[in-house]
Every structure is written in structure tokens, then in C-alpha cells.
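Here the structure is laid out as C-alpha cells; the discussion comes afterwards.
The values are calculated or read from the model by the stated rules, or taken from the named source; none is laboratory data. In this text the structure is predicted, and so the values were computed from the model without any measurement. Cβ placement follows ideal geometry from the backbone for every residue including glycine, while neighbour counts extend to all protein chains displayed.
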Amino acid sequence: MQIFAKKKNIKKFIQLSTCSNYGQAKEMVDEDGDLFPTSLYAETKVNLEKYLIKNISNSTVLRCATAYGLSVGRMRFDLLVSDFIKEAWLEKTNQCLYARSTQTYCSCK
């Protein structure tokens, strides 16, 4: 990969990784948190992150959280967007303000 990047004169390499690298975190984590990958998918992402940081200068790794939808074969109703859709479908209404909500938000432009 580093040979290709150098050959093509790529100045910046951005890798989309995953928050699955943290495993089942019991508390809030950030990019300096310990990694506990619990699947082959997460293990390969961790290995690629380490490789990039070591071998390709000016690499950036983004660990994107699941914002909505399926995750490992199950619907994630603990995620705000999925919960909004479920509530709107079942209750025919939606409460958009949750006093103690700490969720991942996404911006679509």
C-alpha cells in the first residue's frame, strides 16, 4: 500500500475504521482508549490502523460510529435514528427531545 501511495504521489491517506475496535466499552472512550476488538472485522481494522500509522506518513484514521440501521444482524434500537423510526412506526408519533440522551448524531449535507 505504501508503495502504491508513493508511486501515485498520494499526500494524505484517510482510512474509515470502526468503533467496533473498542469492543463492549463500559464507559465513554476516545481515540486514545484501549482497543478490545471482539470480531474478525474489528481485528482487521485494528491491524490496518496500526499498519497505516507505522508505514504511511500523514495517514488519518476515522473511527465512525454506527448512526442507524443493522449491526451484526440485529436492529440497533439503542441508536437515536433507528429509535425515531421505530417510535414513529409503532406509536404514529415521535418525541424528538430526550432529556438524558447521549447519542451519536450525524450530519447530512
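Where residues in region 1-43 are free of Cβ contacts under 8 Å to residues at least 12 places away in the same chain and surrounded by 13 or more Cβ atoms within 10 Å (Cβ to Cβ), which of them is nearest to L79 (Cα to Cα)?
Among residues in region 1-43 that are free of Cβ contacts under 8 Å to residues at least 12 places away in the same chain and surrounded by 13 or more Cβ atoms within 10 Å (Cβ to Cβ), the one nearest to L79 (Cα to Cα) is V29.
For region 7-38, give me each residue that is of a type in the set (S, T, N, Q) and over 14 Å from the mean Cα position of the chain (by Cα). Even if it seems obvious, please write down each step before you answer.
Filtering region 7-38 down to residues of a type in the set (S, T, N, Q) leaves 9, 15, 17-18, 20-21, 24, 38.
Listed by number, the residues that qualify are N9, T38.
Limited to region 54-84, what total is found for residues that are at pLDDT 80 or above and surrounded by 16 or more Cβ atoms within 10 Å (Cβ to Cβ)?
4
Can you pull out the residues in region 24-44 that are closer than 15 Å to L62 by Cα and of a type in the set (G, A, S)? Step through it out loud before you land on a result.
From region 24-44, those closer than 15 Å to L62 by Cα are 29-33, 35, 42, 44; that's our starting set.
Selection gives G33, A42.
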